[in-house]
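Worksheet for the structure shown next.
What follows is calculated from the coordinates using simple rules that are stated; it is not laboratory data. What you see is a predicted model; the values in this text were computed from it and never measured. Note: ideal-geometry Cβ built from the backbone for every residue, glycine included; neighbour counts use all protein chains shown.
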Amino acid sequence: MKNFLIAILAIVCGLSCSKVKGPANAPSYPVNNHLDSTVHIKATVNGYQWQTLSAYGYTVKNSANDSSVSNLMINAYYTNAAGQPTSMTFNITKYSGPNTYTINPPNNTATYYLGSVRHYATHGVLTIDSDTAYALRGSFYFTADTITVSNGEFDVALP
């Protein structure tokens, strides 16, 4: 009886664990998976190219009293040629979708970090050209102390 149950179990497992047949040349994932295939932020920082593939976007809803209002934060990280960690952070208060947002602290901010030193932007612009369920795309420029960031563009995945 024990051998009979083992044989039945082996047959059931063999039938349920079989591979589904399909063409051998089919891609294992869709070409446009809408997630992170094009994620990047790049800009010119004081004349040098700054580019990262590590970029994240977050939207944060305000408290229950203002539930229709949300804020946007974008973070990007990069290690420069000298081996120093650098990053850029953008915060947009009362984010309302594709639009041009002027950097006007403390409402809308841009910050450039070189190592552990923060450089807060005094002026600039962040433009959101496209806001889909999966990504934000746009451009930016700003000046922060002695740091000039120009020709910025981004494609950031949203959670």
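Quick check, is residue 145 among the charged types (D, E, K, R), surrounded by fewer than 22 Cβ atoms within 10 Å (Cβ to Cβ) and touching a Pro at 6+ places or on another chain (Cβ under 6 Å)? Steps first, answer last, please.
Numbers: among the charged types (D, E, K, R): yes; surrounded by fewer than 22 Cβ atoms within 10 Å (Cβ to Cβ): yes; touching a Pro at 6+ places or on another chain (Cβ under 6 Å): no.
For residue 145, the condition - among the charged types (D, E, K, R), surrounded by fewer than 22 Cβ atoms within 10 Å (Cβ to Cβ) and touching a Pro at 6+ places or on another chain (Cβ under 6 Å) - is not met.
Out of the residues in the stretch 107-155 that are within 19 Å of residue 50 (Cα to Cα) and charged (D, E, K, R), which is farthest from the chain's Cα centre (by Cα)?
145
Tell me, which strands (runs of 3 or more DSSP E) lie completely within the stretch 68-129 with 1 or more residues that are out of contact with any Lys or Arg (no Cβ under 9 Å at 6 or more places or on another chain) and among the aliphatic types (A, V, I, L, M)? Don't jump to the end; show me each part of the working.
On the way: elements: 70-79, 85-95, 99-102, 108-114, 117-120.
Passing ranges, in order: 70-79, 85-95, 108-114, 117-120.
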